[in-house]
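The values are calculated or read from the model by the stated rules, or taken from the named source; none is laboratory data. None of the values given here were measured: they were computed from a predicted structure. For neighbour counting, all protein chains shown are included, and Cβ atoms are generated from backbone atoms with ideal geometry for every residue, glycine included.
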Amino acid sequence: MLHADKQATRLAPGKPVSDANRMEMTTMSVHDTVRKLRHLIRKIAPGILALSEYRLSWLSWDLAAGLSVAAIALPVGMAYADLAGVLPVIGMYSAIFPLFAYALFGSSRQLITGPDAATCILVAATLGPLAGGDPEHYAALLLGLTVMTGLLYLFAGVIRLGFIANFLSQPILTGYLNGIALLIMVGQVSKLLGYTSTEEQFFRKILEFFQRVDQSHWPTAALGTGMLLVLMLIIRYQPRLPGAFVVVGLATLLVAGFGLDHQGVTVLGHVPGGLPSIVLPSFHHGVFNDLFSAAAGIVLVSFTSGVLTAKSFARRNGYEINANQELIGFGACNLASGLAQGFPVTGADSRTAVNNAMGGKTQMVGLIAGGAMLLVLVFLSSPLAYVPTTALAAVILVSAMGLFDLADLRLLYRMSYREFLMSVGTTLGVLALGVLPGVLLAVALSLIWLLSVGSRPHDAVLGRAEGHRGFHNIADYPDARTIPGLLLYRFDSDLVFYNADYMKARVRAAVAAQKTPVKWVVLDASAINVIDVTGLRKLYELREELAAAGVSFYIARVKRHLGRFFNEAFSKKQRKKSKKYRFQTLKPAIKAFLEEQQARGLTLPGTDAADPASHDPEWREPVQPPRMEELNRMPENREDEGPTRMEQTPGK
């Protein structure tokens, strides 16, 4: 405003504008434009702004990390191409070009994007039946699926759906990924050992292994199992080494040096070099629904796992990511991959771990890794023809072993047996039903778990415990005191359609359990943040039922934004008849109850209706309100918190 006032003063009619003032205004305008532009860039493409502030002191760290990531990402991309059912060069495209996009649009400084095992197997499960064995049709469908995945990511980011990262609970996600890991491991055994597999279903593949293991191609099996052991030893004893690069490079040298390809060991063959041509997708009406469903499943699963990886490494490095911006970043990655004829990608945890271990500082790591792989693709693609597929199978097998989270299963077994069963059930569902039905099963189980927890929330009958402020659950404090005839009931959840009947039943049970006939029920609504129409109707029904039994129903500690909803639970007639139907805190409710009992000549022993605290200092509220610094130190969800300031009670 000060700048605007100065500018208005200088431009006032009748006053000439000097050259100095004109230059100052121009400078101010330029600075304001630059500030707005920086804000826009930070909002849309934070990586660009981060790279513009790059420090040369970071380059040595980022260079080492970038080359290490490239050494792993290139062979992994080629290996995962087999999982996705495409040529190795497509895996290279998918490993290279998304890195450039994420470096510009992502919010994580450590995350490395690229092919992911779960995503690749989803792609193959979707496109295989649709393509009908036609490679060209498969490639066209892959292009459409990848671009559609990118567009869904961008749409979700624009409308700020970053919360979907929390949609799949951790036990359900663990179970799903464990199922994917087992599918991958069983599917790669035949390629590792060199026998032909014709089965598609998980359990049939296991049976097939025992039937055909004696048909293995022994040079292939020896090379593959040897590379598998080498890779496992590197990961165990030298985790900083690019194990995948070492294994694939060593296997390639053995094949080329000893002519193993002439002895029946399968190799990649010619890998086309150079840059890919940009191809635009065409969405056919006949397969649009199938592609859309698969893209939605890929977004849900890949974003959930990818953003967990990004959050984990951001926390280790002392910063936070923006989940909505990650949606934009992943969308840009998948669009880049799709236009380069690649397949859907997400955050890659193993390559991100390598980046972090090597001390990568910024998104420059992605640019360096992508550039290094691009140079190999353009100038050094010929040696890739000797890469044996059994070595790639070894890389995939070890990656799948890392995907299987046995430690998390053990933790679930000890902490929550029900969630353990849901996780195992998800795994079995993926194995028995397949990958795409497994996604639906994971979503369904997450919803069932959410409803099962929310439909029977915690609640409490409240009383006063000696030596403690506030009102407490009498189940937690056996010596807590209650007032005969008065039931203070707290419902520790939102009041919505799936738990409203449970709330009614719990109030009925609490009333029936009292030794002294209940005259008043006061609902402590401090934990209720949301109420829907069903919850409102159940409140009205509860009030009517209690009134028919001669029990009055009141509400206390209502959140201000819910006051209008609770008003509707009472008729206009009752609002006129009763001066107070809602109390700011529980203390006035207790006082009103005692006043009513005194008016009826039923004053309870040891109390004074005019002041319920007169004979019991425990009931007295503090004279001075707590200071702001005291409020800031109070933990959330305190059961012993004192009365809170609420909206003014109607009728006062």
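Here the range 276-306 is the region considered, the condition is being surrounded by fewer than 18 Cβ atoms within 10 Å (Cβ to Cβ) and among the aromatic types (Phe, Trp, Tyr), and the residue that is nearest to residue 168 (Cα to Cα) is 292. Consider residue 305 carefully, then state whether it is farther than 27 Å from residue 192 by Cα and assigned by TED's automatic domain parsing to the domain that holds residue 396. Answer is yes for this residue. Of the residues 243, 226, the single one that is more than 36 Å from the chain's Cα centre (by Cα), small (Gly, Ala, Ser) and crowded, with 16+ Cβ neighbours inside 10 Å is 226. What helices (runs of 4 or more DSSP H), lying completely within the range 358-428, carry at least 2 residues that are hydroxyl-bearing (Ser, Thr, Tyr)? By residue number, 389-403.
Just one of (1) of a type in the set (Gly, Ala, Ser); (2) more than 36 Å from the chain's Cα centre (by Cα); (3) part of a loop (DSSP other than H, G, I, E, B) fails for residue 463. It is (3). Taking the range 489-526 as the range and being assigned to a loop (DSSP other than H, G, I, E, B) and touching a residue at least 60 places away in the same chain (Cβ under 8 Å) as the test, the residues that pass are 519, 526. The residues listed here are 380, 384, 308, 335; of these, the one that is out of contact with any Phe, Trp or Tyr (no Cβ under 8 Å at 6 or more places or on another chain) and modelled with pLDDT of 95 or more is 335. When 260, 280, 291 are checked against the criterion of being hydrophobic (A, V, I, L, M, F, W, C), more than 18 Å from residue 77 (Cα to Cα) and touching a Pro at 6+ places or on another chain (Cβ under 8 Å), 260 stands alone in meeting it.
Scanning the range 493-502 for residues that are closer than 15 Å to residue 562 by Cβ and either of a type outside the set (Val, Ile, Thr) or touching a Pro at 6+ places or on another chain (Cβ under 9 Å) (or both) yields 493, 494, 495, 500.
Look at (1) loosely packed, with under 15 Cβ neighbours inside 10 Å; (2) more than 24 Å from the chain's Cα centre (by Cα) and you find that residue 448 fails only one, number (2).
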